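Colleague: I have a structure I would like to understand better, so I am pasting it below and will then ask my questions one at a time.
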Amino acid sequence: MKKRPLPILTLLILFAVSTAAIGQSSGWIVEAENVDPNNYYGITVANGMVGIVSSADPLRVSETVLNGVYDFYGRGRSSNILRGFNFAAMNLDVDGQRINRGNISGMTQRLNMREAWFETEFRHAGKVDVTYRVRSLRHLPFTSLIEMEITALRDVTIRPASVIEAPDHLRDVRNYYAVIDRPHVQIPLLTSVADSPTGKHTLAVSNSFLFEEDHMPAYVHEDWDHNMHLLHHTKELKRGETYRFSVVSSATSTEHFSDPQSESERLSVYAMLEGRERLIRKHNEAWDELWESDIIIEGNEQDQLDVRMALYHLYSFVREGSRLSLSPMGLSGLGYNGHVFWDTELWMYPPLLMLQPELARSIVDYRTDRIEGARAKAFSHGYEGAMFPWESNDMGDEATPYWALTGPFQHHITAVVGISFWNYFRVTQDVEWLEEEGYPLLEEVAEFWLSRVEENEDGEFDIINVVAADEYAENVDNNAFTNGTAIQVLTYATRAAEILGIEPDPQWQYVANRIPILEFPDGTTREHAAYDGEMIKQADVNLLTYPLGLITEPAQMRQNLDYYQQRADPRGPAMTHSVYSVISSMLDDPAEAYDLFHKGYRPNLLPPFDVIAETAGGTNPYFATGAGGMLQAVLSGFGGLQLTDSGIVQIDTPLPRGWRSLTITGVGTEDVTFTNRQ
């Protein structure tokens, strides 16, 4: 996977860890028993393109999300990522009785992160034991596999059905059923097609059965008038007999193919004829490759499970070669309309860049492909270069609801995008990419900031009227984080030009050296020109230490950390405390760092799988932004990994008490292993 030019890596200890050994270790299974449907937040299986979210109801899922597909409906007159067809639902009748939540017992649900599947087990009326397992196949971006296993506890007649349901917002739903008849096989295709709310897109999904038996059953197709149809068959089971079958399902849209119906059907035919064992083997091999880059904690099983859950979700939500990015909720639902914010580049991207540079490449590709939208936004606001939208959609347009001030004024996103490009070069040392894609974007970002700053009477360059990273601070001047990102991206654009043998615009560094970072009289960094100690929503000033690396003197790091910790809103988003944790590690305070690490996510965990919400008491999982911050607390805090112009290096930072070792495998393009021990 990682075949780009190699950075220089500084190691403390290098050693090999076998995949088999990792696979046998603990920390891979998340399990829930006695599920309360009234207090239930689902877990996601995804492959970077198709996301499937579990349900408290047996044989059901709560959401299916197809990455990159947007239309206008719902919130704020802005584009929304579409809820797709529910293609993973099953019906099961046993002796004429439909299985539902009220007539089952002993339901257990579990997620296997190692092999990326979710399953539900239960018993029905003392007659059958049922296992229902769902995979979003990693090697086939648009295809999923649903497996059923039914064991008869007495002689029974069962009628399983594959069901496709259309959400209400889809228009002109068309349901089809066909059988492709070949000499040695019959291929049933249950297909649904519909238009998105404005007609911008056509969506399609096609299901087909896979049986372990040689002969095919007699299918019955039922088409209901409320946007649902199904395909069922009947089977007699003797006591003790186990019956297994699978459903392959392929979901596509006109975002991906000109003829999504035909392509979804072709993909399902392909998967059906590949066969269950081959599909699972290739899926597992793809995840094996991802898990060569892992975080292994020795000494605390719960921390290990929590960290791996965060890493699993980031791996699930992005896909190599897709040229798609990440929203704050990934593929776990429709939160924040599926738009792309600074959450991606500042919070989720750094762990991916360290561990999976090719996954991270899709994130920078997303911005490269949408630079025209950034140019248009700069032009419309009277600026030069490229000005990236606060909320970006499929087209790269500004998709923030009109009433939110973040869209017109949260300008640090433009610098953060540029910094992410420079960091990609830092890790990969890919000069060809820098010349063709990295530098052209950095140049336009630098030109934006030259047109954005205003020279004052002291010869400094102010940045006036922004929404701060601390979003409680609206329409303020000289925000610390905004100014810090502008300083850094102007500096990085200069370095990129020098590496390529291009004469940089001398104004870039001249202006960077004269953008102010304000201070109080006692030397504490001031968040913005009007800031006077009020509560902050989230980290701002402290980001100048990590990840920007602008404030590195320990006394000032400590002073800023102590001051702003006391002023952070406890209802703020998850990632704030992770930044504080990294800084505490850099200050050699492992006890404080460990406490802050847990504060960054534990109050936000939701039942029954401990998925992360955005805030304590929040209800919008899975908050991938918080997962990214949590992973940075481990990688760059306890692990000491830093991004530098020479590549990824490790500094000496202490481990939390009780952690005997921290091993980070498959880092960078060389797949290097770092370790830190007590």
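The values are calculated or read from the model by the stated rules, or taken from the named source; none is laboratory data. Here the structure is a predicted model, which is why all the values come from computation and not from measurement. Note that each Cβ is placed from the backbone with ideal geometry, even for glycine, and that neighbours are counted across all protein chains shown.
Colleague: Filter segment 211-221 down to residues that are in a strand (DSSP E or B) and more than 22 Å from residue 84 (Cβ to Cβ) and give me whichever is modelled with the highest pLDDT.
Modeller: Filtering segment 211-221 for residues that are in a strand (DSSP E or B) and more than 22 Å from residue 84 (Cβ to Cβ), the one modelled with the highest pLDDT comes out as 220.
Colleague: Across segment 294-324, which residue is surrounded by the fewest Cβ atoms within 10 Å (Cβ to Cβ) among those that are part of a loop (DSSP other than H, G, I, E, B) and among the hydrophobic types (A, V, I, L, M, F, W, C)?
Modeller: Across segment 294-324, the extreme among qualifying residues is 324.
Colleague: So, in segment 170-209, of the ones that are under 30 Å from residue 395 (Cα atoms) and among the hydroxyl-bearing types (Ser, Thr, Tyr), which residue ends up surrounded by the most Cβ atoms within 10 Å (Cβ to Cβ)?
Modeller: 206
Colleague: Among the strands (runs of 3 or more DSSP E) lying completely within segment 222-271, list those that include at least 3 residues that are of a type in the set (Ser, Thr, Tyr) and within 23 Å of residue 134 (Cβ to Cβ).
Modeller: Because the criterion is at least 3 residues that are of a type in the set (Ser, Thr, Tyr) and within 23 Å of residue 134 (Cβ to Cβ), the strands (runs of 3 or more DSSP E) in segment 222-271 that meet it are 242-253.
Colleague: Give the residues of segment 175-221 that are more than 26 Å from residue 258 (Cα to Cα) and touching a residue at least 40 places away in the same chain (Cβ under 8 Å), sorted by residue number.
Modeller: Across segment 175-221, the qualifying residues are 185, 210, 212, 219, 221.
Colleague: Can you tell me which residue among 529, 446 is touching a residue at least 12 places away in the same chain (Cβ under 8 Å) and surrounded by 18 or more Cβ atoms within 10 Å (Cβ to Cβ)?
Modeller: None of the other options fit; the residue is 446.
Colleague: Tell me which residues, restricted to segment 70-98, are at pLDDT 95 or above and crowded, with 24+ Cβ neighbours inside 10 Å.
Modeller: Residues satisfying the conditions are 85, 87, 88.
Colleague: Somewhere in segment 489-506, is a residue closer than 20 Å to residue 414 by Cβ, out of contact with any Cys (no Cβ under 6 Å at 6 or more places or on another chain) and assigned to a loop (DSSP other than H, G, I, E, B)?
Modeller: Checked segment 489-506: at least one residue is closer than 20 Å to residue 414 by Cβ, out of contact with any Cys (no Cβ under 6 Å at 6 or more places or on another chain) and assigned to a loop (DSSP other than H, G, I, E, B).
Colleague: Here's a follow-up. Select from segment 176-205 the residues that are outside any loop (DSSP other than H, G, I, E, B), out of contact with any Leu (no Cβ under 8 Å at 6 or more places or on another chain) and either closer than 28 Å to residue 99 by Cβ or basic (Lys, Arg) (or both) and list them in ascending order.
Modeller: Correct list: 182, 186, 189, 191, 192, 205.
Colleague: Right, another one. So which of 98, 60 ends up being under 20 Å from residue 245 (Cα atoms) and without any contact (Cβ under 8 Å) to a residue 12 or more places away in the chain?
Modeller: Unique residue meeting the criteria: 98.
Colleague: Those residues that are of a type in the set (S, T, N, Q) and either within 13 Å of residue 191 (Cβ to Cβ) or out of contact with any Asp or Glu (no Cβ under 7 Å at 6 or more places or on another chain) (or both), I need them from segment 227-264; list them, please.
Modeller: Passing the criteria: 234, 249, 250, 252, 253, 254, 258, 261, 262, 264.
Colleague: Cβ-Cβ under 9 Å, sequence separation 6+ or interchain: first residue in segment 141-160 and of a type in the set (Phe, Trp, Tyr), partner part of a strand (DSSP E or B) and surrounded by 20 or more Cβ atoms within 10 Å (Cβ to Cβ). Which pairs?
Modeller: 142/50; 142/66; 142/250; 142/251; 142/252
Colleague: From 397, 458, which residue is acidic (Asp, Glu), surrounded by fewer than 21 Cβ atoms within 10 Å (Cβ to Cβ) and closer than 30 Å to residue 72 by Cβ?
Modeller: Result: 397 is the single residue among 397, 458 that is acidic (Asp, Glu), surrounded by fewer than 21 Cβ atoms within 10 Å (Cβ to Cβ) and closer than 30 Å to residue 72 by Cβ.
Colleague: Yes or no: segment 16-30 includes at least one residue that is closer than 24 Å to residue 245 by Cβ and either at pLDDT 95 or above or outside any strand (DSSP E or B) (or both).
Modeller: Checking segment 16-30: not a single residue is closer than 24 Å to residue 245 by Cβ and either at pLDDT 95 or above or outside any strand (DSSP E or B) (or both).
Colleague: Same structure, new question: Of the residues 625, 644, only one is within 18 Å of residue 356 (Cβ to Cβ) and among the β-branched types (Val, Ile, Thr); which?
Modeller: Just a single option satisfies the conditions, and that option is 625.
Colleague: Sticking with this one: Any idea which of (1) farther than 20 Å from residue 658 by Cβ; (2) surrounded by fewer than 24 Cβ atoms within 10 Å (Cβ to Cβ) is the one residue 602 doesn't satisfy?
Modeller: That leaves (1) as the condition not met.
Colleague: Follow-up. Checking the structure you have, find out if any residue of segment 430-437 is in contact with a helix residue (DSSP H, G or I) (Cβ under 8 Å, 6 or more places away or on another chain), assigned to a helix (DSSP H, G or I) and within 28 Å of residue 255 (Cα to Cα).
Modeller: yes
Colleague: Residue 495: more than 18 Å from residue 342 (Cα to Cα), basic (Lys, Arg) and under 28 Å from the mean Cα position of the chain (by Cα), yes or no?
Modeller: no
Colleague: How about segment 438-463: which of its residues are under 17 Å from residue 512 (Cβ atoms) and part of a helix (DSSP H, G or I)?
Modeller: 439, 442, 443, 444, 445, 446, 447, 448, 449, 450, 451, 452
Colleague: From the list 531, 594, pick out the single residue that is under 29 Å from the mean Cα position of the chain (by Cα) and hydroxyl-bearing (Ser, Thr, Tyr).
Modeller: Matching residue, one of 531, 594: 594.
Colleague: Tally time: how many residues in segment 151-162 are closer than 18 Å to residue 122 by Cβ and either among the β-branched types (Val, Ile, Thr) or assigned to a strand (DSSP E or B) (or both)?
Modeller: Result for segment 151-162: 7.
Colleague: A follow-up question, please. Can you name the condition, by its number, that residue 64 falls short on among (1) closer than 30 Å to residue 404 by Cα; (2) among the polar types (S, T, N, Q); (3) in a loop (DSSP other than H, G, I, E, B)?
Modeller: Here residue 64 clears every test but (3).
Colleague: Quickly run through segment 366-380 and pick out the residues that are without any contact (Cβ under 8 Å) to a residue 40 or more places away in the chain and surrounded by 14 or more Cβ atoms within 10 Å (Cβ to Cβ).
Modeller: If the condition is that a residue be without any contact (Cβ under 8 Å) to a residue 40 or more places away in the chain and surrounded by 14 or more Cβ atoms within 10 Å (Cβ to Cβ), then 370, 373, 376, 377 are the ones that fit.
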